[in-house]
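What follows is a single structure, written as structure tokens, with notes after it.
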Amino acid sequence: MNSPAIPQDDLAEFASLPEAVKQEVREMFEMMKALRAKKNLQRACRDLAAQTGGRRGWSFARIRTRFYAWKKSNYDWRMLINRARAPEKARSLPAEFIEFWKSLCENNQRVSAAPWRELCRMWERREPIPGYEGHPNWPRLPRGWSQGNLYRHLPRKFELMVSRVGRSAAAAERPLVYTTRRNLWVGSHYLFDDIWHDHFVNCFDTRRAGRPLEFHALDLYSACKFAWGMRVRAETADGKMEHLKESEMRFLLAYVLGSFGYSPRGTILVVEHGTAAIREDLEQLLQTASGGLITVARSGMDGAAAHAGQYAGRAKGNFRFKAAIESIGNLIHNEMGALPGQTGRNRDTRPEELHGLLKHNDALLCALAQLPRERAALLQLPLLEFRQFLRIADEIYARINARTPHSLEGWDDHFITCPRTMTIRRKSPSEVWEPGKCDLIPLRPEAIALLLGPDLAIERKTRKGMFEFHESELSADPLRFEAHQLIEGEKYRTVLNPFQPDALWVFDARGRFVAQCPRLHAVCKSDVEAIHRACGHAAKIEAELLAPVRARHIHEARTKLDRHHNNASVLRGDPVTPQEKARALEIRDRIREVGAAAAEDLLTETPQSAETDQGISDTTATSESEDERLIDQILT
């Protein structure tokens, strides 16, 4: 237990001592208290030294000296501390000087050796230095000003980083905010980001090489990269390089929420303030369309000044806010590190051969445009073609989503026992995503149309009940979309989502959403089942097209059917009643008088009651088909 001699206010200082020193203070205090009660101090010190046998160096002289020092300090417990084992903190440097020295180090952007040399020069010039007014013992440097000793008083690493670089860089030197994916669910958080791939590919349409640019989405709970799309960084007509745009982020967002959807438990879209951003009006639209279940989370902006004397930096988002998708970007770069045309992680690691490789590749692209097709196909270029790279990227992403040897955080419940070996392994991101996505609710087509908007539309015309056009970045073959429900030959404003090329969003000239047209895919001739499905689909379209024609000519169809029934009755020799014969003569005379067209009312007129051979019968209703059969039977 702590000795009663330690005041309560001094417990923190006592607790900071080494354990052996604290035990020594307790024992020393008991000895000093016993000596204080003795009348003959000299004899008591000799007896106490004899009892301890000189243990720990407690000789007669040391015990007596320690007692007098303790008594002189008004019995302060600190006089009992063995300073050889617990030295006092250096107090030789004034506090104001230490702060001045730290400010010198913080003002130098690179090292702390230069500030020490500057401090020595200031002393030589007898410039004012806090804590050393009057420059005592000048020109000799003050005690404790050695470089090694001043380095003990350097600012903390966080203080140096925040002064030399900024608050964003210094954040890594302070405690961070840690989160976990435990207790989340599939679709609880979608993370969006852009990525520049670290290699070049060829784009045959523009005859140029460029770096692939990508927007992608990650489900936080399953760590599955479930949506992505790319294009090649191209040069515009004015010579500027075209980067990813806000419209392409809208395309990705429409694909994610239209094809997969949001969770009925709520979905948070985690975006940034830069390229992969969501406008506030679109955020309000998504909240309304989902009944408030879709919300948007944006990171705070870094770049604020650390103190009033510092200027603010360029505002930028906090990358740690979406660290999960940032880390998978590093994994993608590593997996694609063997592809040709690598740029390196940064300028320092840029391969030296890249310059010559790109020049050689540009020359081959120029020759490609001048050679005949059959000869151009024989050229072997050093870079991948963009469509080749898309297929490779699809395989790599599937492999990343299917990985089981990983250390994903919060993966406590996602394990599988292999029955053959009875070993336990972690589930892959795909194995968590696939069953969970079945509960997601896709946004209605009307909401997706509002999200895309007609401002992204291109005017196209219907032809033969479909839209047909070329989109070289998506397919070498023409793209076809059903449009039989639209007006033939009419111009419409259409939006093709490159992330979802299986549907075309159609607006009229005034920007009103008209329809979502599905894509017509070409099937392989060897795939019999696919051909049967395509034929069935074509038959369905034909039936829909024939429906209004059949409705308009239903009367002619009924007349034809009745004619066949009448002829069959005549050929069988069925008897003709007097009433039927009288009605046929009446219609014949009417046709001779006014013509067939004017007598058409008699064909649909319901005959009145008439007498039969057995007498007067009840009034009966005769249909149009019966009238028509009567005419054909008697007049033929």
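Every number in this text was worked out from the coordinates using simple rules, so none of it is lab data. The model shown is predicted, which means the values in this text are computed figures rather than measured ones. As a convention, Cβ positions derive from the backbone with ideal geometry for all residues, glycine included, and neighbour counts pool all protein chains shown.
Things worth noting here:
- Here r is the Cβ-Cβ distance between residue 491 and residue 404 and R0 is 45 Å; the resulting FRET efficiency, rounded to 0.05, is 0.30.
- Backbone N under 18 Å from the residue 434 label point (7 Å along Cα→Cβ), restricted to segment 237-266: 260
- Paramagnetic label reach from residue 529 (point 7 Å along Cα→Cβ; backbone nitrogen cut-off under 15 Å): within segment 394-437, no residues.
- Between residue 369 and residue 52, the contour length at 0.36 nm per residue exceeds the Cα-Cα span by 103.9 nm.
- Computed label-point distance, nm, for sites residue 273 and residue 381 using a 7 Å Cα→Cβ extension: 4.0 nm
- Compared with the direct C-alpha span, the chain from residue 38 to residue 288 gains 81.1 nm at full extension, assuming 0.36 nm per residue.
- Farthest toward positive dipole pole in segment 452-511 [+1 Lys/Arg, -1 Asp/Glu at C-beta], among 470, 498, 485: 485
- Measuring r between the beta carbons of residue 13 and residue 143 and using R0 = 25 Å, the FRET efficiency lands at 0.45.
- Volume per residue of the C-alpha convex hull in segment 95-173, rounded to whole Å³: 87 Å³
- Here the extension length gained between residue 577 and residue 355 equals 69.7 nm, from 0.36 nm per residue of separation less the Cα-Cα distance.
- Taking 18 Å as the limit for the C-alpha separation, the pairs 322/437; 245/359; 464/540; 245/491 exceed it in the case of 322/437; 245/359; 245/491.
- Calculated FRET efficiency for the pair residue 564/residue 207, C-beta based, R₀ 41 Å, to 0.05: 0.05
- Simple label model, 7 Å out from Cα along Cβ direction - residue 555 to residue 420, nm: 7.4 nm
- Amide hydrogen neighbours beyond the local backbone of residue 229, cut-off 5 Å, H modeled: 215
- Straight-distance candidates among the lysines for linking to residue 22, with alpha-carbon spacing under 29 Å and chain neighbours fewer than 8 residues away dropped: 33, 38, 39, 71, 72, 89.
- Stokes-Einstein D (µm²/s) once Rh is taken as the Kirkwood radius of segment 456-521 over alpha-carbon pairs, at 10 °C in 1.306 mPa s: 135 µm²/s
- The simple spin-label model puts a point 7 Å past each Cα toward its Cβ; for residue 159 and residue 85 those points are separated by 3.3 nm.
- Normalised radius of gyration (Cα atoms, divided by 2.2 N^0.38 Å) for segment 8-80: 1.12.
- Total charge dipole magnitude, segment 456-521, about the Cα centre, Cβ charges on Lys, Arg, Asp, Glu only, Debye to nearest 20: 260 debye
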